[in-house]
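The values are calculated or read from the model by the stated rules, or taken from the named source; none is laboratory data. Everything numeric here is computed off the predicted structure, so don't read it as measured data. With ideal geometry, Cβ positions are generated from the backbone for all residues, glycine too; neighbour counts draw on all protein chains shown.
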Amino acid sequence: MAVLITGGTGYIGSHTIVELLGAGYDIVAMDNFSNSKPAVLDRILEITGKKIKFYQTDMLDKPGMEAMFRENRIDSCIHFAALKAVGESVEKPLLYYKNNVTGTLNLLELTVKYGVGRFVFSSSATVYGKPASVPIREDFPLSPVNPYGQTKLMIEQILTDLAASDSAMSVVILRYFNPVGAHKSGRLGEDPCGIPNNLMPYITQVAEGRLPYLPVYGNDYNTRDGTGVRDYIHIIDLARAHISALEYTQSHSGVECFNIGTGRGYSVFEIIRAYEKATGKRIPYQIAPRRPGDIDECYADPGKANRLLGWRAEYDIEDMCRDADRWQSMNPSGF
Ligand code: UD1
């Protein structure tokens with residue numbers, strides 16, 4: 001039996017596949033390469049020595065998706081495939097609702113048709129919007145502030161209703177905090193298109209000399225040094241959370257959601273210092289205006305995942321910086 005991975009060549013999908021292969025799982029993966037490259041598949045093979053069954057298809061192409069279910073014995077699914085750029089989702093909301101929500105509906109109709117009852121969904125801390133306090137627990141109010149976050153929340157709701165309608169279903173929703181870092185080999189990592197939106201890939205490109213300095217979006221937040229605080233989590237820790245989640249679906253039915261973070265917040269200035277310490281490289285920066293929609297502080301209470309999934313983050317901030325830097329310097333232009 002195989003695990004179906006949607007969005008298998010993306011940043012999180014690819015690292016999760018490597019960990020799943022290492023744990024002995026059979027994989028069927030799909031991607032439309034809208035934000036990833038076929039070379040990722042060669043790197044997975046290089047790292048693991050295992051070739052996975054791969055389909056280039058789109059979530060909106062239901063017949064293309066159905067072929068995977070018809071041609072393979074799939075018993076569980078980890079669903080990563082989605083558009084994820086917050087700014088773009090504000091400019092093109094219909095694109096986001098159609099791709100993320102309709103695409104997921106197509107996938108779920110097929111999981112129901114083919115009796116695939118174990119499902120792990122890639123959600124985001126973005127569903128909490130601006131939290132009233134930190135650390136954030138899973139029972140905090142949900143109020144995303146942009147269409148991207150709304151699609152994540154809608155899918156959580158769809159999965160909750162679906163699981164309620166079928167007692168054989170087991171759904172785990174993972175709400176990721178800020179995934180960063182790369183595979184230790186330096187052969188797999190994050191490869192954003194164009195100028196990065198997120199902090200860590202921006203810093204790695206500054207470290208590499210591809211970008212002149214880091215814009216620090218605001219130093220007047222209500223935090224210890226005025227810059228935004230986030231819960232950065234190593235991509236390998238995050239990937240491993242999916243194995244724990246899959247195992248959990250084997251012995252539980254219904255739906256359960258978990259925060260996947262370290263439980264520790266770091267400010268932008270602290271990240272700059274940690275990066276400089278871990279790599280010996282200097283990161284020039286300039287204070288810039290706040291980015292619309294950014295919040296002061298966001299970090300997880302990961303206690304529920306510790307208790308129920310038996311999962312906890314193992315890598316620290318220096319590991320994250322060192323591994324991100326190794327990936328960028330070994331692959332200056334990405335894949
Ligand atoms: C962003 C997304 C969020 C998504 C997450 C995935 C936005 C508004 N939010 O979260 O929906 O789930 O990525 O990882 O895009 N920063 C700088 N300079 C930069 C880039 C970022 O100072 O060039 C600061 C930001 O203001 C923030 C922190 O670094 O305080 C982290 O930013 P980022 O990596 O973009 O993550 P989030 O904003 O937390």
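Here are the numbers for the structure shown:
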{"item": "Answer residue from region 248-294, given it is of a type in the set (A, V, I, L, M) and surrounded by 17 or more Cβ atoms within 10 Å (Cβ to Cβ) and is nearest to Pro144 (Cα to Cα) among those", "result": "Ile260"}
{"item": "Options Gly7, Gly24: the member that is farther than 19 Å from Ser185 by Cβ and either modelled with pLDDT under 95 or buried (at least 19 other Cβ atoms within 10 Å of the Cβ) (or both)", "result": "Gly7"}
{"item": "Filter pass, Ser124 being within 16 Å of the ligand (Cβ to nearest atom), within 21 Å of Ser14 (Cα to Cα) and either buried (at least 19 other Cβ atoms within 10 Å of the Cβ) or in contact (Cβ under 8 Å) with a residue 12 or more places away in the chain (or both)", "result": "yes"}
{"item": "Qualifying residue in region 94-111 (condition: buried (at least 21 other Cβ atoms within 10 Å of the Cβ), of a type in the set (Gly, Ala, Ser) and away from the ligand (no atom under 16 Å from the Cβ))", "result": "yes"}
{"item": "Any chance Asp316 is among the charged types (D, E, K, R), more than 13 Å from the ligand (Cβ to nearest atom) and touching a strand residue (DSSP E or B) at 6+ places or on another chain (Cβ under 9 Å)", "result": "yes"}
{"item": "Filter pass, Asn198 being near the ligand (Cβ under 10 Å from one of its atoms), within 12 Å of the chain's Cα centre (by Cα), modelled with pLDDT of 95 or more and polar (S, T, N, Q)", "result": "no"}
{"item": "Pair list, Cβ < 7 Å and 6+ apart or interchain, from region 55-77 residues that are on the phi < 0 side of the Ramachandran plot and in the same structural domain as Pro38 (by TED's automatic domain parsing) to residues that are acidic (Asp, Glu) and surrounded by 13 or more Cβ atoms within 10 Å (Cβ to Cβ)", "result": "Gln56/Asp31; Gly64/Asp58"}
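A quick yes/no check of all residues on (1) touching a residue at least 40 places away in the same chain (Cβ under 8 Å); (2) part of a strand (DSSP E or B); (3) surrounded by fewer than 21 Cβ atoms within 10 Å (Cβ to Cβ):
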position: Ile155; (1), (2), (3): yes, no, no
position: Asp161; (1), (2), (3): no, no, yes
position: His183; (1), (2), (3): yes, no, no
position: Gly186; (1), (2), (3): yes, no, yes
position: Pro196; (1), (2), (3): no, no, yes
position: Arg224; (1), (2), (3): yes, no, yes
position: Ile233; (1), (2), (3): yes, yes, no
position: Leu238; (1), (2), (3): yes, no, no
